[in-house]
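Below: one structure, written as structure tokens.
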Amino acid sequence: MNDEQMMEILDRLDDLFQDYIAEKVDPIMIASVIFAVVIKQLKINLTDKDFIAIIDEIRNTDINELILDVREEVKKKKVIHWTNTTKW
């Protein structure tokens, strides 16, 4: 995945949130649905080892910092690599 694709996903998710929030949908509900789909797709498409590594990373990461880091990495035009053995 290149930088442009990552930014497109971030923008789409941001737009999705804004659209539903404008319709007075609870942001927690929106996030819960998106998170459930993400977890399902990770479980389907990753090995158990990689899935567990991602879940552990999520548990141990300040999500606000992660989002800022992703945006900064994209701005710097660098490829983002997860720690552990996960490959993107």
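The values are calculated or read from the model by the stated rules, or taken from the named source; none is laboratory data. Everything quoted here is computed from the prediction, not taken from an experiment. All Cβ positions, glycine included, derive from the backbone under ideal geometry; neighbour counts span all protein chains shown. The accessibility values were calculated without ligands, DNA or RNA, using every heavy atom of the protein model including side chains. Shrake-Rupley method; radii C 1.70, N 1.55, O 1.52, S 1.80 Å.
Descriptive notes on the structure:
- For region 2-19, 3J(HN,Hα) computed residue by residue from phi via the Karplus equation (6.51, -1.76, 1.60; θ = phi - 60°) reads 8, 4, 4, 5, 5, 5, 4, 5, 4, 5, 4, 5, 4, 5, 4, 4, 4, 4 Hz, glycine and proline entered as x.
- Top of Glu57, Glu72, Glu23 by mean-square fluctuation, Gaussian network on the chain, Cα under 10 Å: Glu23
- Whole-number accessible area per residue in Å² for the chain, which is evaluated in the context of all protein chains at 1.4 Å: 81 Å²
- Taking 0.36 nm per residue of sequence separation and removing the Cα-Cα distance, the Ile9/Leu42 pair yields an extension gain of 10.3 nm.
- Size of region 1-65 as Cα extents on the principal axes (Å, biggest first): 39, 27, 25
- For the chain, the longest principal axis of the C-alpha atoms and the axis of helix 48-59 are separated by about 60°.
- Carbon and sulfur %, accessible surface of the chain computed with the full protein complex present, 1.4 Å: 59 percent
- Computed helical MRE - 222 nm, the chain, DSSP H runs ≥ 4 contributing -39500 (n - 2.57), nearest 500: -24000 deg cm²/dmol
- Efficiency of FRET between Met1 and Ser32 - r from beta-carbon atoms, R0 22 angstrom, step 0.05: 0.35
- Asp19 paired with Val70, simple spin-label distance in nm, labels 7 Å along Cα-to-beta-carbon: 1.8 nm
- The number of Lys pairs in the chain with C-alpha atoms less than 17 Å apart, excluding pairs fewer than 8 positions apart on the same chain, is 4.
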